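Let me begin by presenting the structure, written as structure tokens, before commenting on it.
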Amino acid sequence: MTGFSASGALVCGPTTPPPPTCSATTLTTSITSIKDNDFDSHWPGGVVTLGTSSCNVTLARPSGSIVLVGLLGDAWRITGKTGFANTTLTVNLPQCNSPLAVPNVTADRPSCSSAYDGPLGGSPSTASVSIAAN
């Protein structure tokens, strides 16, 4: 209903479909570091959309050196959502694959205390998140 006519009759306008209703779900994704040299690697960054075309969450991924902690580098962050009223981001401790590296998450940014991946050992590290959406 949009109002009344001069004679008092109801005036109806076009109907708008309700927004999509999406079932509660948990979305997950991960990234793998890219080796720059034996002593440094970086997170690939970029944006990814998880879910379906009508029920999804858009997520910015961290970029830059994997040894940057917290606000020194960019972090995982939800940049958009479609069909969900609420989203909660959980950043997991990264899997640091450098010898003796210590994993850390500060301000939703994963980091490793070492990025060594050279002749003495090491391999790319991974970082992952889960998003509770409803």
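The values are calculated or read from the model by the stated rules, or taken from the named source; none is laboratory data. Since the structure is predicted, the reported quantities are computational estimates derived from the model, not experimental observations. Using ideal geometry, Cβ is built from the backbone for each residue, glycine included, and neighbour counts are taken over all protein chains shown.
Brief remarks on what is shown
- Residue match in segment 33-42 (condition: of a type in the set (S, T, N, Q), surrounded by 15 or more Cβ atoms within 10 Å (Cβ to Cβ), under 16 Å from the mean Cα position of the chain (by Cα) and closer than 19 Å to residue 104 by Cβ): yes
- Filtering segment 57-72 to residues that are assigned to a strand (DSSP E or B) and either out of contact with any Leu (no Cβ under 6 Å at 6 or more places or on another chain) or farther than 30 Å from residue 21 by Cα (or both) leaves 58, 59, 60, 63, 64, 65.
- Taking first residues from segment 69-89 that are touching a residue at least 60 places away in the same chain (Cβ under 8 Å) and partners that are of a type in the set (A, V, I, L, M, F, W, C), the Cβ contacts under 7 Å between residues at least 6 apart in sequence or on separate chains come to 82/55; 83/22; 83/55; 84/22; 84/55; 84/57; 84/133.
- The residues of segment 33-56 that are at positive phi and not in a strand (DSSP E or B), listed by number, are 45, 46.
- Residues (free of Cβ contacts under 8 Å to residues at least 60 places away in the same chain and under 17 Å from residue 126 (Cα atoms)) located in segment 38-60: 42, 44, 45, 46, 47, 48, 60
- Inspection of segment 75-87 identifies no residue that is loosely packed, with under 14 Cβ neighbours inside 10 Å and either more than 28 Å from residue 134 (Cα to Cα) or in contact with a Pro (Cβ under 6 Å, 6 or more places away or on another chain) (or both).
- Pair list, Cβ < 8 Å and 6+ apart or interchain, from segment 97-109 residues that are under 15 Å from residue 30 (Cα atoms) to residues that are at pLDDT 95 or above and aromatic (Phe, Trp, Tyr): 108/76; 109/76
- Every pair of residues 6+ apart whose Cβ atoms lie under 6 Å, when the first sits in segment 5-30 and is more than 30 Å from residue 86 (Cα to Cα) and at pLDDT below 80 while the second is among the polar types (S, T, N, Q) and surrounded by 11 or more Cβ atoms within 10 Å (Cβ to Cβ): none
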